Amino acid sequence: MVKDRQLVCPVCANDQFIETRAQLNTAVASLFDLDFANKEARCFVCSECTYIFWFRA
Ligand SMILES: [Zn+2]
């Protein structure tokens, strides 16, 4: 659940996700020119197809 909304995978329509945390590294940050380099993110990995939602922590 994110902001009281149920996450649904856009790829396979699955609603089961595995929550994890990841450190956003500078390589990824510079690749996408993000302003939150080296911050932590919440990730939700689809249990069916492994599509990943990223949320800035
Ligand atoms: Zn999926």
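We did not get these values from a lab; they are worked out from the coordinates using the rules stated. None of these values were measured; they are calculated from a predicted model.
Given their separation in residues at 0.36 nm each and the Cα-Cα distance between them, Ile52 and Arg21 gain 10.0 nm when the chain is fully extended. Close amide H pairs (under 5 Å, H built 1.01 Å from N) link Tyr51 with Cys46, residues at least 5 positions away or on another chain.
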